[in-house]
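Novice: Submitted below is the structure of interest, expressed as structure tokens.
The values are calculated or read from the model by the stated rules, or taken from the named source; none is laboratory data. From a predicted model like this one, the values you see are computed outputs, not experimental measurements. Counting neighbours? That spans all protein chains shown, and the Cβs are built from the backbone with ideal geometry, glycine included.
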């Protein structure tokens, strides 16, 4: 299946990578690797993760307080948010369908 990030999800990914790199050199890359591993898990078993809306699922990252919110379309997995789990859930409410 193809994977695509929405524009807001792309911004969140970039911001998180920058934040972690500012904390410790190389940590941003480790975060990116975990996002990539989560995408691989989603791609292998797209329906295995928790439903949080009629069309939206959540895959929690390992080792970081983040989750990928995504929707499964016909031949596409659409990442709608790179969600910090300690952030107000209202921030992502409009991206859960």
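Novice: Mind checking which residues of segment 35-45 are touching a strand residue (DSSP E or B) at 6+ places or on another chain (Cβ under 9 Å) and either farther than 23 Å from residue 78 by Cβ or in contact (Cβ under 8 Å) with a residue 24 or more places away in the chain (or both)? Can you show your working first?
Specialist: Taking segment 35-45 and keeping what is touching a strand residue (DSSP E or B) at 6+ places or on another chain (Cβ under 9 Å), we get 35, 38-39, 41-43.
Correct list: 35, 38, 39, 42, 43.
Novice: Still on this structure: Any chance you could count how many residues in segment 21-69 are in contact with a helix residue (DSSP H, G or I) (Cβ under 7 Å, 6 or more places away or on another chain) and farther than 22 Å from residue 89 by Cβ?
Specialist: Qualifying residue count, segment 21-69: 4.
Novice: Then there is this: I'm trying to understand the selection: among the residues of segment 52-63, which are in a loop (DSSP other than H, G, I, E, B) and either over 11 Å from the mean Cα position of the chain (by Cα) or over 16 Å from residue 33 (Cα atoms) (or both)? Break it down stepwise before answering.
Specialist: Within segment 52-63, the first condition is being in a loop (DSSP other than H, G, I, E, B), and the residues that meet it are 52-55, 61-63.
Within segment 52-63, 52, 53, 54, 55, 62, 63 meet the criteria.
Novice: Picking from 65, 89, 54, which residue would you name as being at pLDDT below 90 and either within 22 Å of residue 30 (Cα to Cα) or surrounded by fewer than 20 Cβ atoms within 10 Å (Cβ to Cβ) (or both)?
Specialist: On the way: 65 fails: at pLDDT below 90; 54 fails: at pLDDT below 90.
Answer to the check: 89.
Novice: Any residue that is without any contact (Cβ under 8 Å) to a residue 24 or more places away in the chain and over 14 Å from the mean Cα position of the chain (by Cα) - is there at least one of those in segment 72-80? Break it down into steps so the answer makes sense when it comes.
Specialist: Step one: list which residues in segment 72-80 are without any contact (Cβ under 8 Å) to a residue 24 or more places away in the chain, which gives 73-74.
From what is left, the residues that are over 14 Å from the mean Cα position of the chain (by Cα) are 73-74.
So far as segment 72-80 goes, yes, one or more of its residues are without any contact (Cβ under 8 Å) to a residue 24 or more places away in the chain and over 14 Å from the mean Cα position of the chain (by Cα).
Novice: Which of the numbered conditions does residue 48 fail, given that it passes all the others? Conditions: (1) under 21 Å from residue 2 (Cβ atoms); (2) in contact (Cβ under 8 Å) with a residue 24 or more places away in the chain; (3) assigned to a loop (DSSP other than H, G, I, E, B).
Specialist: Looking at each condition in turn, residue 48 falls short on (2).
Novice: Is segment 19-34 home to any residue that is part of a helix (DSSP H, G or I), at pLDDT 95 or above, in contact with a strand residue (DSSP E or B) (Cβ under 7 Å, 6 or more places away or on another chain) and under 17 Å from residue 63 (Cα atoms)?
Specialist: First pass over segment 19-34, keeping only residues part of a helix (DSSP H, G or I): 19-23, 27-34.
Then drop every residue that is not at pLDDT 95 or above, which leaves 19-23, 27-34.
Imposing the further condition that a residue be in contact with a strand residue (DSSP E or B) (Cβ under 7 Å, 6 or more places away or on another chain) reduces the set to none.
There is no residue in segment 19-34 that is part of a helix (DSSP H, G or I), at pLDDT 95 or above, in contact with a strand residue (DSSP E or B) (Cβ under 7 Å, 6 or more places away or on another chain) and under 17 Å from residue 63 (Cα atoms).
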